2 protein chains.
Amino acid sequence: MLAGRLPPAVPATPNVVSIHELKAHCNSCSMRELCLSVGLEPEAMRQLDEIITSRTRIKKRDRLYRPGDRFTVLYAIRLGSFKTQLLAEDGREQITGYHMAGEILGLDGISDGHYACQAVALEDSEVCALPFNQLDELAHDLPRLRRNLYRAISKDICRDQDMMLLLGSRSAEERLALFLLNLADRYHARGYSSSEFVLRMTREEIASYLGLKLETVSRLFSHLQEIGLLQVQGRAIKLLDPTALKQLIGHVR
Amino acid sequence: MLAGRLPPAVPATPNVVSIHELKAHCNSCSMRELCLSVGLEPEAMRQLDEIITSRTRIKKRDRLYRPGDRFTVLYAIRLGSFKTQLLAEDGREQITGYHMAGEILGLDGISDGHYACQAVALEDSEVCALPFNQLDELAHDLPRLRRNLYRAISKDICRDQDMMLLLGSRSAEERLALFLLNLADRYHARGYSSSEFVLRMTREEIASYLGLKLETVSRLFSHLQEIGLLQVQGRAIKLLDPTALKQLIGHVR
DNA sequence: CGACTAGTTGAGGCCAGTCAATGTTGGTGG
DNA sequence: CCACCAACATTGACTGGCCTCAACTAGTCG
């Protein structure tokens, strides 16, 4: 395991399989407009850069952290995507989030010092590890960073609340439509096509996220294709009529 | 509207119906062991006390804030209870939380400066208004307060994730059982009986929270009473066999 | 006392789940 | 490079849990 660019005040995380010190910095990161660094002065960005203990590659299916692991760092996704999932004692699982580059993982660990869920890479990915104590200290002197941090956490709350509305009040069809439109938005924000993309999740993972069964998700894809709103080719999705998709959601049944 | 004990740097909230300056302080508040003030030095507690712009009474059914209201303050519940609910554009509603004394409301407003949901008093209640900017400044100098604030937010995330698991993966019966046991825990933490309490929500509100319909909730209460786990008298609930209730949840179907 | 809100209970229907068979895709090693 | 295998995905038939609609009861407040 390579040493960080600073003496490592915080031990490196145990679950990381492939470690690699990437020659990259916040000020050249393609995610700097979405990440905690947004709006920071160059000097502030340099400081943030310095506390990053490691930039790490995570292989597909590998876990970034597990439920119960000691929380010391937040992870910023540099590249790739992750699912976070909650495991119930009885073996049931619920995917609670699907996270793309620029987003922050691990916020659920702050409250009691241990991660509540696990984060699994959906593809080969790269993350920056941000020791929370140092981040907090740095935020002390950088109001903008502090605000970014608060916002990141609060945004998580809003996202989770939206999911509660989805899971509690919406039909299967509406859930899938919302899911696809949400993905479209997020790809768009990252400079990709909002109408054509390749899913990184299996049908089962989508189903878990949406509180459905995989067969239902599969049927819905077929149905939405039949009525001309989608073109589906395995995980390759093309939104043929986003407007109609949106109407599908607004509809009060 | 009465002036705060300090010159009001932040305008008082607009939605408050009955305003009342209560003669109370953090160091004498019965919630000081659950609130942001937990573990603070007396002097720190005094400082926290000073930024509270108002201590306000909210009548049953009145709204503390509405979706879209400008976010300036967090609310700490001194007394009573609230529901928070998300309103969809199409009129659908989802209750996203049920909040008791000592808990913090309004965290969802940080991210974009406006509250995302609305908070409605379930009974006559009292809250402390904490101007977020001042709270943040104070947290600057008080690590313990800062930690408490982070924790409060992170705990919200964990709670929401648990709800996602409940809504996405659990049967109606399990949902109600979890709901009742969760209430029991929280009453217990506040010094009340964990086996006997009076619900503050209607059947419809419980149903909305649990992603069900009110008739289903009503039937479930009857059923749980029939099999001897509960005694139900309208909103008065007695848990006759908490252990069996817990087993109900662990059961993999 | 009447109007209203909250809650209970029943009958029947439907959406999504379950079980099962089959098709497709992609990674691996000969 | 292709054959093989396992994982992933689709589709059909059937089931069942929860929803819908509706009637009725019990409190509450003016």
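Quick note: the coordinates plus some simple rules give every number you see, no bench work behind them. No experiment lies behind these values; they were computed from the predicted model shown. Neighbour counts are summed over all protein chains in view; Cβ atoms, including those assigned to glycine, are modelled from backbone coordinates with ideal geometry.
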Worksheet entry | Rounded FRET efficiency, nearest 0.05, which uses the C-beta distance separating A:SER30 from B:HIS140 and R0 of 30 Å | 0.40
Practice prompt. Classify the stretch B:178-237 as rounded, prolate or oblate, taking a ≥ b ≥ c as the square roots of the eigenvalues of its Cα gyration tensor: rounded when a/c is under 1.5, otherwise prolate if a/b is larger than b/c and oblate if not.
Written response: oblate
Worksheet item: For the stretch A:146-186, what mean projected area does the convex hull of the alpha carbons give, in nm²?
Response: 3.0
Discussion item. Please report the equivalent ellipsoid semi-axes of the stretch A:57-116, computed as sqrt(5 x eigenvalue) of the Cα gyration tensor, largest first, in whole Å.
Written reply: 19, 15, 10
Item to complete: Sum up the charges of everything whose Cβ sits under 14 Å from the Cβ of A:ASP141, counting Lys and Arg as +1 and Asp and Glu as -1, but leave A:ASP141 out.
Response: -3
Discussion item. What do you get for the angle between helix A:214-226 and the principal long axis of chain A? Use alpha-carbon atoms, 0 to 90 degrees, nearest ten.
Written reply: 60
Worksheet, complete the sentence: Taking N as the number of residues in the stretch A:18-162, the ratio of its alpha carbon radius of gyration to 2.2 N^0.38 Å works out to 1.01
Response to the item:
A correct fewest-to-most ranking of A:TYR115, A:TYR187, A:TYR192 by other Cβ atoms within 10 Å would be A:TYR192, A:TYR187, A:TYR115
Practice prompt. Assign one of three labels to the protein assembly as shown, namely rounded, prolate or oblate, based on the Cα gyration tensor with a ≥ b ≥ c the square roots of its eigenvalues; rounded applies when a/c is under 1.5, prolate when it is not and a/b is larger than b/c, and oblate otherwise.
Written response: oblate
Worksheet item: Based on the alpha-carbon gyration tensor of the stretch B:90-234 and its eigenvalue square roots a ≥ b ≥ c, which shape applies: rounded if a/c is under 1.5, prolate if not and a/b is larger than b/c, or oblate?
Response: prolate
Discussion item. Once R0 is set to 35 Å, what does the formula 1/(1 + (r/R0)^6) return for the Cβ-Cβ distance between A:ASP185 and A:ARG147, expressed as a FRET efficiency to the nearest 0.05?
Written reply: 0.95
Practice prompt. May I ask for the Kirkwood hydrodynamic radius of chain B, worked out over all distinct Cα pairs and given in angstroms to one decimal?
Written response: 19.3
Practice prompt. Among B:CYS26, A:CYS128, rank each residue by its count of other Cβ atoms within 10 Å, from fewest to most, as a rough exposure measure.
Written response: B:CYS26, A:CYS128
Discussion item. Under the convention of a label 7 Å out along Cα→Cβ, give the distances in nm from A:ASP185 to the same position in every other copy, shortest first.
Written reply: 3.1
Discussion item. Order these by the 10 Å Cβ neighbour count, fewest first: A:ILE157, A:ILE227.
Written reply: A:ILE227, A:ILE157
Worksheet item: What is the spin-label model distance, in nm, from B:GLU196 to B:GLU215 if the labels are put 7 Å beyond Cα along the C-beta direction?
Response: 3.4
Item to complete: Name the residue, out of A:TYR150, A:TYR65, A:TYR98, whose mean-square fluctuation peaks in a Gaussian network model built on chain A with Cα pairs under 10 Å.
Response: A:TYR150
Worksheet item: Which FRET efficiency value, to the nearest 0.05, do you get for B:ASP90 and B:ARG63 by plugging their Cβ-Cβ distance into 1/(1 + (r/R0)^6) with R0 = 25 Å?
Response: 0.75
